[in-house]
1. Inspect the stretch 51-74 for any residue being more than 24 Å from Y201 (Cα to Cα) and modelled with pLDDT under 70 and give the result as yes or no.
2. If a residue must be surrounded by fewer than 17 Cβ atoms within 10 Å (Cβ to Cβ), not small (G, A, S) and not in a strand (DSSP E or B), how many such residues does the stretch 55-77 contain?
3. Taking the stated definitions as given, is A107 closer than 19 Å to E276 by Cβ, among the aliphatic types (A, V, I, L, M), in a helix (DSSP H, G or I) and at pLDDT 95 or above?
4. Determine, yes or no, whether E161 is in a helix (DSSP H, G or I), crowded, with 16+ Cβ neighbours inside 10 Å and not aromatic (F, W, Y).
5. Any idea how many residues of the stretch 201-230 are within 14 Å of V245 (Cβ to Cβ), in a helix (DSSP H, G or I) and either more than 9 Å from the chain's Cα centre (by Cα) or not basic (K, R) (or both)?
6. Filter the stretch 259-282 for residues that are of a type in the set (D, E, K, R) and either in contact (Cβ under 8 Å) with a residue 60 or more places away in the chain or assigned to a helix (DSSP H, G or I) (or both); which is nearest to F124 (Cα to Cα)?
7. Keeping to the stretch 79-104, report how many residues are modelled with pLDDT of 95 or more and surrounded by fewer than 17 Cβ atoms within 10 Å (Cβ to Cβ).
8. Is there any pair linking a residue in the stretch 138-154 that is in a strand (DSSP E or B) and of a type in the set (F, W, Y) to one that is surrounded by fewer than 23 Cβ atoms within 10 Å (Cβ to Cβ) and at pLDDT below 95, with Cβ under 6 Å and at least six apart or on different chains, and which?
Amino acid sequence: MQDRSENAPLQQLDDWDNFVATRYRQDKSEEEFRNYKADANPTVTEFYRQNHAYQTLDFVLTKKAEYCGLNRDKKSIWEIAEYLNTLVDDSDPDTDLTQIEHLLQTAEAIRKDGHPRWFILAGFVHDLGKVLCLYGEPQWAVVGDTFPVGCGYSDQIVFPEFFAANPDSLVSDYQTENGIYEKNCGLDKVHLSFGHDEYIYQATRRYLPEEGQYMLRYHSFYPAHRHGAYRHLMNEQDERMFEWVRKFNQYDLYSKGRERPKTQEILPYYEDLVSEFFPSKIAW
């Protein structure tokens with residue numbers, strides 16, 4: 001179950017999702033976009049304080065080595081989705097939507113707009129990496145806007161002032177514009193803060209087209225796909241693929257306000273969709 005320690009300031013992981021949706025509300029004025037303090041509740045602010053203090057380059061490399069080898073288990077997409085359903089806040093047993101319903105809500109919004117089947121599938125699986133919380137990872141290592149480590153912090157990252165507590169801020173080689181990277185090296189060579197994006201990308205990358213892989217890997221990289229930060233590290237392929245990330249982002253942000261999915265009616269469609277792209281079990 002979700003960690004009850006000081007590393008779990010959010011009552012539930014959806015608190016972060018709701019904050020992001022509010023921050024990027026479609027009718028916001030340009031002035032409101034940077035007004036994070038006014039929009040944030042204390043638990044979200046505390047979450048980002050931890051996230052920015054603890055997501056160091058060494059931490060990211062350690063967690064990639066631990067999880068990205070995909071040597072924990074072999075499970076089906078459905079087994080992971082059911083497991084994710086146990087990630088429910090103990091103090092809120094009446095949460096409106098289960099985790100699977102959240103995934104279906106995003107996927108259904110994509111399907112209704114006539115997008116390709118792989119795009120719909122990306123919507124369905126995009127948050128499965130949140131099982132990291134069930135593996136014992138703290139919230140700040142699972143959700144949150146992602147950002148590169150090992151180079152200077154953009155002021156387009158939410159709450160950039162909290163990076164003052166990050167040990168990497170004292171490493172001069174990590175605080176130049178390019179840091180440990182080459183200019184326009186491509187994001188595949190850049191280490192982002194660790195979380196559910198990277199984990200679900202690694203688990204599913206063999207089964208989805210490149211456009212879908214980008215959606216999964218970078219859907220929380222808001223400084224880049226919403227504010228245009230870090231383009232100096234991107235290559236031409238990244239620029240092209242981020243058009244798909246931006247398309248996906250609208251569904252990730254704004255699908256939650258739609259009607260509750262009629263799970264039993266639509267489940268056969270998603271069972272067929274998952275079996276079209278994935279084998280019965282994949283490595284996690």
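The values are calculated or read from the model by the stated rules, or taken from the named source; none is laboratory data. Just so you know, these numbers come straight off a predicted model, no measurement behind them. Every residue, glycine among them, receives a Cβ derived from its backbone with ideal geometry; neighbour counts consider all protein chains shown.
1. Residues of the stretch 51-74 that are more than 24 Å from Y201 (Cα to Cα), as a first pass: 53.
From what's left, modelled with pLDDT under 70: none.
Within the stretch 51-74, none of the residues are more than 24 Å from Y201 (Cα to Cα) and modelled with pLDDT under 70.
2. We begin by selecting, within the stretch 55-77, every residue surrounded by fewer than 17 Cβ atoms within 10 Å (Cβ to Cβ); these are 58, 61-62, 64-66, 68-74, 76.
Then keep just the ones that are not small (G, A, S); that gives 58, 61-62, 64, 66, 68, 70-74.
From the residues that got through so far, the ones that are not in a strand (DSSP E or B) too are 58, 61-62, 64, 66, 68, 70-73.
The number of residues fulfilling the criteria is 10.
3. Numbers: closer than 19 Å to E276 by Cβ: yes; among the aliphatic types (A, V, I, L, M): yes; in a helix (DSSP H, G or I): yes; at pLDDT 95 or above: yes.
Yes; evaluated as a whole, the condition is true for this residue.
4. Values: in a helix (DSSP H, G or I): yes; crowded, with 16+ Cβ neighbours inside 10 Å: no; not aromatic (F, W, Y): yes.
So E161 fails the test.
5. Of all residues in the stretch 201-230, those within 14 Å of V245 (Cβ to Cβ) come to 201, 208-230.
Adding the requirement that they be in a helix (DSSP H, G or I) leaves 201, 210-218, 222-225.
Now drop any that are not either more than 9 Å from the chain's Cα centre (by Cα) or not basic (K, R) (or both), which leaves 201, 210-216, 218, 222-225.
Qualifying residue count, the stretch 201-230: 13.
6. Pass one, the stretch 259-282, residues of a type in the set (D, E, K, R): 259-260, 262, 265, 271-272, 276, 281.
Retained after the next criterion (residues that are either in contact (Cβ under 8 Å) with a residue 60 or more places away in the chain or assigned to a helix (DSSP H, G or I) (or both)): 260, 265, 271-272, 276, 281.
Details: R260: 15, E265: 16, E271: 11, D272: 13, E276: 14, K281: 17 Å.
Result: E271.
7. The number of residues fulfilling the criteria is 1.
8. Note: no pairs meet the criteria.
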